[in-house]
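Here the structure is laid out as structure tokens; the discussion comes afterwards.
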Amino acid sequence: MSETDEIKEWQTHSVKHKVAFVLMMDGVSFHYDEENGITFTAPDFYVEKLKDRLVYAHGCSVRPIINEVK
């Protein structure tokens, strides 16, 4: 496993309905609460592709902010 394949935990409050839709389509488990928004685990490369997909294929006007949980 390379460093870029490391699974990390991520959170977002950006376009929650679209992020949740794509995560469900991809079979990625996540949970939601009002304080933390959507929380899920994935490698860095998946999150970068997710941001691009949300803009180019799902109509987001800007790349969503998805932060790594430290």
Report task. Could you identify the single residue in D26, D33 that is surrounded by fewer than 11 Cβ atoms within 10 Å (Cβ to Cβ) and either in contact (Cβ under 8 Å) with a residue 24 or more places away in the chain or at negative phi (or both)? Result -> D33
Report task. Check whether at least one residue in segment 10-18 is farther than 23 Å from G59 by Cα and either touching a residue at least 24 places away in the same chain (Cβ under 8 Å) or touching a helix residue (DSSP H, G or I) at 6+ places or on another chain (Cβ under 9 Å) (or both), and report yes or no. Result -> no
Query raised in the report: Which condition does C60 not pass, out of (1) more than 9 Å from the chain's Cα centre (by Cα); (2) assigned to a helix (DSSP H, G or I); (3) surrounded by 14 or more Cβ atoms within 10 Å (Cβ to Cβ); (4) not acidic (D, E), if it passes all the others?
Result: (2)
Requested in this report: Could you list all residues from segment 1-12 that are over 13 Å from V69 (Cβ atoms) and either at pLDDT 95 or above or in a helix (DSSP H, G or I) (or both)?
Outcome: E3, T4, D5
Report summary line: Filtering segment 24-46 down to residues that are among the aromatic types (F, W, Y) and assigned to a helix (DSSP H, G or I) yields F45, Y46
Query raised in the report: Residues of segment 47-57 being assigned to a helix (DSSP H, G or I) and either surrounded by fewer than 18 Cβ atoms within 10 Å (Cβ to Cβ) or aliphatic (A, V, I, L, M) (or both), which ones?
Result: V47, E48, K49, L50, D52, R53, L54, V55, Y56
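The values are calculated or read from the model by the stated rules, or taken from the named source; none is laboratory data. Here the structure is a predicted model, which is why all the values come from computation and not from measurement. Cβ sites come from the backbone with ideal geometry, for glycine too, and all protein chains shown count toward neighbours.
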